[in-house]
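Contents: one structure, followed by commentary.
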Amino acid sequence: MNTPGKTLVVIVGPTAVGKTALAIQIAKHFHTEIISADSRQFYKETNTGTAKPSDNELAEVKHHFINSHSVTDTFTVGDFEDQSMKLLDDLFHHHPVIILTGGSGLFINAVCKGFDDLPKTHPEMREKLNREYQENGIEYLQQELKKIDPEYYKKVDHANPQRIIRALEVYRSTGIPFSDYRSGSNKIRPFRIVKIGLNIARDQLYQQINQRVDRMISNGLINEVTALLPFRHLNALNTVGYSEVFDYLDKTCTLDEAIDKIKQHTRNFAKRQLTWFKKDPEITWFEPDQYPEILNFVKERI
């Protein structure tokens, strides 16, 4: 049952659409704090390649779950749900409105609807699967998943190595398919949830993505990834912007080719994000420059 006076404002959308700027505007209006549900921004070692809020933006409003973990930490969706719910319980004692924002749909859903309890697995299994991914490519893992868990294979994003690795990790550790752990039932949350989606014309979004990647390169992405070479086998670094630069450092492609791949893969990622969020009928969609309309929409629902 929703508790009067407690509202979680959820801001979602594809990468580079403007979620951070809007979240800060809304948070400043309500004198509140932001919980980040961008799984790429949890890690303190990954800065340039994950487009974290700037130091000035972080100083404007208190953010949680940015630079909160190391790439060497195992931090699952279930962990995020547990820690976020404890944090929300504390924050709602001080603020009637809290902002949750990010582009990681699974992490957003974990807070809004709950995440199925999954068994704990040994870190060595994750590392072994990461090595297999590096050595054999994603198709090798896709085929194993298709064989041992065809139900989840039909649903999972085939281009997302982290999701496939997680499913295989659970199966290899327990002998039980990942799909058997997914109940699909929603947990009742003790607060009201207001969901806002941001989107713009596709060509404009793709232009913003390309410009962001160029800024990342100018701001030292190559040096950042070079420093992370000893950790490249970790799951946190199996992500867009890092995998492509690792290929460049391995001399399997030129720098220009790596940059083009980052742009292409980021555009593909944005498309998958939109596909995910568009399935949620609770999301009301706006363009990022509709701040007055968005603010009124929120006020009417709290």
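Is it the case that Phe65 is over 16 Å from Asp280 (Cα atoms), hydrophobic (A, V, I, L, M, F, W, C) and in contact with a Lys or Arg (Cβ under 6 Å, 6 or more places away or on another chain)? No: the conditions fail for Phe65. Yes or no: Ala59 assigned to a helix (DSSP H, G or I), surrounded by 20 or more Cβ atoms within 10 Å (Cβ to Cβ) and of a type in the set (A, V, I, L, M)? For Ala59, the condition - assigned to a helix (DSSP H, G or I), surrounded by 20 or more Cβ atoms within 10 Å (Cβ to Cβ) and of a type in the set (A, V, I, L, M) - is not met.
In segment 190-236, the qualifying residues are those that are among the charged types (D, E, K, R) and modelled with pLDDT of 95 or more, and the one that is least open to solvent (accessible area, probe 1.4 Å) is Lys195.
For segment 245-302, the tally of residues that are exposed (fewer than 13 other Cβ atoms within 10 Å of the Cβ), among the basic types (Lys, Arg) and within 18 Å of the chain's Cα centre (by Cα) stands at 2. Quick check on this structure: which one of Thr46, Thr74 is surrounded by fewer than 20 Cβ atoms within 10 Å (Cβ to Cβ) and hydroxyl-bearing (Ser, Thr, Tyr)? None of the others qualify; the one that does is Thr74. Of the residues making up segment 10-56, those that are in a helix (DSSP H, G or I) and free of Cβ contacts under 8 Å to residues at least 12 places away in the same chain are Asp55, Asn56.
Being in a helix (DSSP H, G or I), of a type outside the set (Lys, Arg), open to solvent by less than 80 Å² (accessible area, probe 1.4 Å) and farther than 17 Å from Ile11 by Cβ is the filter here, so list the residues in segment 91-133 that pass it. If the condition is that a residue be in a helix (DSSP H, G or I), of a type outside the set (Lys, Arg), open to solvent by less than 80 Å² (accessible area, probe 1.4 Å) and farther than 17 Å from Ile11 by Cβ, then Pro123, Met125, Glu127, Leu129, Asn130, Glu132, Tyr133 are the ones that fit.
The values are calculated or read from the model by the stated rules, or taken from the named source; none is laboratory data. Quick caveat: nothing in here was measured; it's all calculated off a predicted structure. Note that we place each Cβ from the backbone using ideal geometry, even for glycine, and neighbour counts take in every protein chain shown. SASA here: full protein model, heavy atoms, side chains in, ligands and nucleic acids out. Shrake-Rupley method; radii C 1.70, N 1.55, O 1.52, S 1.80 Å.
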